[in-house]
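Student: The structure that follows is given in the form of structure tokens.
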Amino acid sequence: IARVVSDRPTRHQEIEKRVRDLLVNNGMTEIINFSFTSPDAASKLLLNKDDPRHLAIKLANPLVDEQSVMRTTLLPGLLETTARNMNFRSLDLKLFEIRRVYLPGEGEESMPREPLCIVGALTGSRDGDGWSRPDELVDFFDAKGIVVIVLDFLDIGGVSWVTENPESYYHPGKSCRIFAGREYIGSVGELHPVVQKNF
């Protein structure tokens with residue numbers, strides 16, 4: 001009996017690919033970071049001590065201390081990549097990453113949860129270098145515009161933008177949390193000055 005195996009992408013893989021293409025078509029560049037991160041990554045984001053993103057899964061035999069736990073958020077890797085580019089005077093950046101994070105499961109013996117997440121960063125000039133372009137810097141509304149494009153593409157309705165209880169890594173008064181109905185699905189904002197300094 002012969003088995004026929006299809007290597008066609010699943011529906012989720014196809015949607016993921018189309019979101020990648022959508023972001024690239026809107027001027028962003030995809031980055032790929034390691035799944036391992038530093039144990040102090042959550043602290044550098046100013047997360048509260050009771051935040052579950054502090055509960056990183058430790059590696060049994062890490063190669064280096066700076067990559068000794070599994071990431072619980074994509075943000076530290078994105079900020080490190082952004083800082084590295086800025087150190088080389090590449091200031092006009094539009095970066096994104098779509099990857100899994102690793103959150104502890106319920107109970108000691110359970111497998112970790114591995115949700116697929118998306119993160120992005122904008123810095124510098126809105127339109128890049130050019131003699132005929134005005135030198136306008138990106139702002140909150142540029143980032144929100146990209147989020148709206150993704151939400152529209154995914155056909156996520158009932159979206160509300162809530163300014164109360166912002167994420168700790170955002171500048172006070174320059175961020176919002178995003179809800180679809182009552183479900184918290186993300187956030188957008190300008191980085192807190194201390195977090196900028198940390199990275």
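The values are calculated or read from the model by the stated rules, or taken from the named source; none is laboratory data. Just so you know, these numbers come straight off a predicted model, no measurement behind them. Heads up, the Cβs are rebuilt from the backbone with ideal geometry, glycines too, and the neighbour counts pull from every protein chain shown. All accessible areas refer to the heavy atoms of the entire protein, side chains included, with ligands and DNA or RNA removed. Shrake-Rupley method; radii C 1.70, N 1.55, O 1.52, S 1.80 Å.
Student: I need the full set of residues from region 182-199 which are open to solvent by 80 Å² or more (accessible area, probe 1.4 Å) and within 17 Å of PRO76 (Cβ to Cβ), in order please.
Tutor: Within region 182-199, GLN196, LYS197 meet the criteria.
Student: Can you tell me which residues in region 140-165 are part of a strand (DSSP E or B) and either open to solvent by less than 60 Å² (accessible area, probe 1.4 Å) or out of contact with any strand residue (DSSP E or B) (no Cβ under 9 Å at 6 or more places or on another chain) (or both)?
Tutor: VAL159, SER160, VAL162 - these are the residues of region 140-165 that are part of a strand (DSSP E or B) and either open to solvent by less than 60 Å² (accessible area, probe 1.4 Å) or out of contact with any strand residue (DSSP E or B) (no Cβ under 9 Å at 6 or more places or on another chain) (or both).
Student: So, one more: What is the number of the single condition among (1) touching a strand residue (DSSP E or B) at 6+ places or on another chain (Cβ under 6 Å); (2) outside any helix (DSSP H, G or I) that PRO76 does not meet?
Tutor: Exception for PRO76: condition (2).
Student: Being hydrophobic (A, V, I, L, M, F, W, C), touching a Gly at 6+ places or on another chain (Cβ under 9 Å) and closer than 21 Å to ARG53 by Cβ narrows it down to one of ILE146, ILE118, ILE185, ILE98, so name that one.
Tutor: Of ILE146, ILE118, ILE185, ILE98, the one residue that is hydrophobic (A, V, I, L, M, F, W, C), touching a Gly at 6+ places or on another chain (Cβ under 9 Å) and closer than 21 Å to ARG53 by Cβ is ILE118.
Student: Being open to solvent by 30 Å² or more (accessible area, probe 1.4 Å) and assigned to a loop (DSSP other than H, G, I, E, B) is the filter; apply it to region 34-50 and report the residue that is nearest to GLY145 (Cα to Cα).
Tutor: LEU46
Student: Could you give me the residue pairs with C-beta distances under 9 Å whose first residue belongs to region 1-16 and is within 23 Å of ASP155 (Cα to Cα), whose second residue is open to solvent by 100 Å² or more (accessible area, probe 1.4 Å) and at pLDDT 75 or above wherever it lies, and which are 6+ apart or on separate chains?
Tutor: Going by the 9 Å Cβ cut-off, the qualifying pairs are PRO9/LYS17; GLU14/ARG8.
Student: Take the residues of region 64-99 that are of a type in the set (A, V, I, L, M, F, W, C) and more than 21 Å from LEU116 (Cβ to Cβ): which is surrounded by the most Cβ atoms within 10 Å (Cβ to Cβ)?
Tutor: So the residue we want is LEU93.
Student: Another question about this same structure. Quick one: would you say ALA83 is out of contact with any His (no Cβ under 7 Å at 6 or more places or on another chain), part of a helix (DSSP H, G or I) and of a type in the set (A, V, I, L, M)?
Tutor: Against the criterion (out of contact with any His (no Cβ under 7 Å at 6 or more places or on another chain), part of a helix (DSSP H, G or I) and of a type in the set (A, V, I, L, M)), ALA83 qualifies.
Student: Continuing with the same structure: If you check SER168 against the conditions, is it farther than 28 Å from ILE15 by Cβ, assigned to a loop (DSSP other than H, G, I, E, B) and either open to solvent by less than 30 Å² (accessible area, probe 1.4 Å) or at pLDDT 90 or above (or both)?
Tutor: yes
Student: Residue by residue through region 1-33, note down the ones that are surrounded by fewer than 11 Cβ atoms within 10 Å (Cβ to Cβ), assigned to a loop (DSSP other than H, G, I, E, B) and modelled with pLDDT of 95 or more.
Tutor: ILE32
Student: Give the residues of region 100-109 that are open to solvent by less than 50 Å² (accessible area, probe 1.4 Å) and assigned to a loop (DSSP other than H, G, I, E, B), sorted by residue number.
Tutor: Hits for region 100-109 are VAL101, TYR102, PRO104, GLY105.
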